[in-house]
Amino acid sequence: MALKRVNIILKDNRTFQGFLLPESNGKIVLKLNSGYNMVLDKKEVKSIKTIEQLTEKKFKTEDYNKNKSLKTISILHTGGTIASRVSYDTGGVSSQFKPEDLIRMYPELKEIANIESKLIQNMWSDDLRFKHFEILADAIEKEIKKKVNGIIIGIGTDNLTVASAALSFIIENPPIPILLVGAQRSSDRGSSDAAINLISAMKFITKTDYKGVAICMHGSSSDEYCLILPATKTKKLHTSRRDAFKPVNDSVIAKIEGDKITFLKPYKTEGKLNIKPKMEENVGLIKITINMNSKQFEFFKGYKGLIIEGTGLGHTPGDVVDKYTKEHEKIMNSIKRLTKSGCIVVMTSTCLYGRVNMNVYSKGNNLQEAGVIGNFNDILPETAFVKLAWLLGNYKKEDVKVLICKNLRGEISETSSEDWTSANSQFAR
């Protein structure tokens, strides 16, 4: 259908303007001028008046001639908004994956590097499964063999950090930079960060000798600069801000400000490529809160691994203090049964900063006696989850128990940062 810009008046006399999109579950969907969608019940609507009617814009695809003097970057698309534009047929965002399309969208790219572009999968990052990492690793290996100078993975932001952590374990010592890049703001919005994130990633690849998996995203809420962030120690800390991604118990690798690139921490550039893509499916993650019951832990019976996102220094319910807490003894017994069955149970903390220390309180000692491991780590729970799945997919169980507590890809810091307020101080403004 052709896209209509409309004026909608509700029965309470509120007025909204925007593009009328196809109905969803019998509801009226309006794309507001801000770029966000609004869903309205038909019963609330008094009138809909068409302001203008648009038709699909046809873009001419120009021939893309590579420049032999430039480096080559392979862009592997898995979804997200980096390679997308508004469709005036539907009002939605349609993806454009060919090099010619990307250069039409971002003309600056052809001055930075030659582009190879491949669609791996067009999906929300929420729908990622371990098998997708195996598929992605295979595609990355093929691009490395083609001698490209770097790889950019376009991906949705919701699980970008989980994907970066998984790939950092799967791909050991990559000989080129592999950067995961997303966008917090849709490409149909004037405030989209897609262009600068992609351009900054390409500049970083072409102007440095960095080798490894990392993340490239906005460093501030404006378009001042982008940051190269550690693959296993970064977390998305805001739902919509463009500078939502921050390192936790770690520091920024580099800053890209226009054509200026500043490294902020040392990095290694040597090592032999080793790709181990297998991941164990039967691994879980459970978040500790109040009012839990033993059935929540019994669910993981038969699993090979379980990450506990514990409270504080690494705790779970466990003490019986009155008649209302008798369930806590059952919870501890459930944990014991899991570890005795061969399930590797690893403790992490829901606190972003600091380290697990199950030696401080009796509760932590009881968990260790129950077979829970992971003392003194500061690994993020999501990173621990993919690390444990990867270890179980590639190593013997006894080796996994040792390796899960060792720093393999920068996921466990030697010392935890005391500057724990700096990462989210901008969000307070």
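The values are calculated or read from the model by the stated rules, or taken from the named source; none is laboratory data. Every value quoted in this text rests on a predicted model; they were computed, and no experiment measured them. Positions of Cβ are generated from backbone atoms using ideal geometry, with glycine treated the same way; all protein chains shown enter the neighbour counts.
A few notes on this one:
- Options 326, 340: the member that is closer than 23 Å to residue 283 by Cβ, surrounded by fewer than 17 Cβ atoms within 10 Å (Cβ to Cβ) and not assigned by TED's automatic domain parsing to the domain that holds residue 129: 340
- All positions within region 48-76 that are under 15 Å from residue 5 (Cβ atoms), at pLDDT 90 or above and not β-branched (Val, Ile, Thr): 49
- Looking only at residues of region 95-143 that are hydroxyl-bearing (Ser, Thr, Tyr) and closer than 13 Å to residue 155 by Cβ, we find that the one that is surrounded by the most Cβ atoms within 10 Å (Cβ to Cβ) is 125.
- Taken together, 358, 347, 332 contain a single residue that is within 23 Å of residue 236 (Cα to Cα), hydrophobic (A, V, I, L, M, F, W, C) and in contact with a Gly (Cβ under 6 Å, 6 or more places away or on another chain), which is 347.
- Number of the exception - residue 351 against (1) under 14 Å from residue 165 (Cβ atoms); (2) of a type in the set (A, V, I, L, M, F, W, C); (3) under 19 Å from the mean Cα position of the chain (by Cα): (1)
- On inspection, residue 240 fails the criterion of being touching a residue at least 12 places away in the same chain (Cβ under 8 Å) and surrounded by 14 or more Cβ atoms within 10 Å (Cβ to Cβ).
- Matching residues, region 200-209, being of a type outside the set (Lys, Arg) and either within 14 Å of the chain's Cα centre (by Cα) or surrounded by fewer than 20 Cβ atoms within 10 Å (Cβ to Cβ) (or both): 206, 208, 209
- Residue within region 367-384 that is of a type in the set (D, E, K, R), outside any loop (DSSP other than H, G, I, E, B) and over 24 Å from residue 267 (Cβ atoms) present: yes
- From the list 134, 116, the one residue that fits, being assigned to a strand (DSSP E or B), under 24 Å from the mean Cα position of the chain (by Cα) and more than 15 Å from residue 181 (Cβ to Cβ), is 116.
- Among the candidates 289, 311, 316, the residue that is surrounded by fewer than 16 Cβ atoms within 10 Å (Cβ to Cβ) and among the hydroxyl-bearing types (Ser, Thr, Tyr) is uniquely 289.
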